[in-house]
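Bear in mind that the values in this text are calculations on the coordinates, not laboratory data. Everything numeric in this text was worked out from a predicted model, so none of it was measured. Note that we place each Cβ from the backbone using ideal geometry, even for glycine, and neighbour counts take in every protein chain shown.
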Amino acid sequence: MAKTYDAWKFISEIDPTINFKEKQYKRVKQKQLYSSTYSRETLFKNMAKGQISVFKDYPIDLSSSIKKKGIHDVFSKLKVEHNIKVNMGPSATVKYKGINEISSMLKNGQAKLGITDLHFRNTNLHHHLDVKNLSYYNVLCRSTEEAKTQEMMTFVVATKGYFTDSHSDDPDGTNHCIKGNKLWLAWDTFEGSQHGIEDVERTGTYGDQASFDLDTFLKLKSSKWFHVKTGETLFLPGHLSHKVFTLDEYYGYGSFYVSLPNLLRTISRWILHRPLWEKEIHSNSTLIDEILKTALNIINRLESSSRLEKQRWGYDFIPISINHWKREYSTKEKKILHADSIFAKLDKILF
Ligand SMILES: [Fe+2]
């Protein structure tokens, strides 16, 4: 009990928009989501329904060096050609630094820093991390070169007190915590914005930080908060905005994904609200189509594949995603989607 209270007092100190008060404690507790035991069924069912999973025991096999010497030791031997982008200090100023300097800052324990987009697939770190178990279901990895860049398999480092302001990402995302503890607040982007909770990606911000109000957050139907701690693995649906606070120095890795169970709601969201990558000047206007085409090819191929192969892809959870879609989307939204030329390709195969 005291631990939760202390954690909320701590995040309130580092982020003035939280402003947690003792009288809110009971309501805060009611919104907590706890980590659970992993099963394939829970993972794919939650993907299909757009619900958060935090597993205590998701199968991840890290290298013996990480197990014996620790992740900091392995990370300090990272070989990269360029300096690494680091967000430094309370205002998260972007700097580029070499691994030796980053490693000694981490060792000293003085600096406040966050590394969020360290692509490690072509580095010596790759061999230490279990990438396969976080991507065997990922359509993005089987798609075009541009779709593959949306996967963003990256390594994450954050020191105690580092936090990222309210934002959302395009697809669903996963993160495995090798060591540390982060506290996440998550809510539906559009439910939040209707009630004045901003998202730096979707709504922009009025001041330095995205507007946030704890009482409002606690009243949202979609709001939840949770920890992701050492050994735990998060699967976060893409329709949820989030604010993330590092409680204990964090080392983790993960990526974005489109799977067969989340395909219908991901494509629907992109058509209805447009993907964030379209904000970039030279964005690829055919990317949704490319990703969908790969997914539909996989579905076609699986129709004559073994039961095991179907299960691996979560093919058996597509009907749950259809039922969820029928329940969750309004008549107006369904009408827009059924009239869309990209959605028509899904329509043909799923409905
Ligand atoms: Fe994020």
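Rounded to 0.05, the FRET efficiency of the R307 and T123 pair, given R0 = 35 Å and the Cβ-Cβ distance, is 0.40. Positive end of the dipole of the chain (Cβ unit charges, origin at the Cα centre): among I298, S193, Y58, the Cα lying farthest that way belongs to Y58. Charge tally for D61 (other residues, Cβ to Cβ under 12 Å; Lys, Arg +1; Asp, Glu -1): +1. For the chain, the residue among S241, T93, H72 whose Cα projects farthest onto the positive side of the dipole built from Cβ charges is H72.
The charge dipole of the chain, taken about the Cα centre with unit charges on the Cβ atoms of Lys, Arg (+1) and Asp, Glu (-1), comes to about 960 debye, rounded to the nearest 20. Amide H to amide H distances under 5 Å link D172 with G238, Y257, where only residues 5 or more positions off or on other chains count and H is placed in the peptide plane. When F226, F217 are sorted by how many other C-beta atoms sit within 10 angstrom of their C-beta, beginning with the fewest, the order is F226, F217.
Can you quote the Å³ per residue value for the convex hull of the Cα atoms in the chain, rounded to an integer?
Dividing the Cα hull volume of the chain by its residue count gives 148 Å³.
This model, with +1 at the C-beta of Lys and Arg and -1 at the C-beta of Asp and Glu, gives the range 159-237 a dipole about its Cα centre of some 480 debye. Specify whether the C-alpha gyration tensor of the range 262-351 places it in the rounded, prolate or oblate class, a ≥ b ≥ c being the square roots of the eigenvalues: rounded for a/c under 1.5, otherwise prolate if a/b is larger than b/c and oblate if not. The shape class here is oblate. Rounded to the nearest 20 debye, the dipole magnitude of the range 82-200 is 840 debye, with +1 charges on Lys and Arg beta carbons, -1 on Asp and Glu beta carbons, and the Cα centre as origin. Look at the Cα gyration tensor of the range 85-201: its axes a ≥ b ≥ c give a/c of at least 1.5 with a/b at or below b/c, and that counts as oblate. All other residues whose Cβ lies under 14 angstrom from that of Y34 are scored, Lys and Arg at +1 and Asp and Glu at -1, for a net of +4.
Net charge near G109, counting Lys/Arg +1 and Asp/Glu -1 over other residues with Cβ under 10 Å of its Cβ? Cβ neighbours under 10 Å give a net charge of +1.
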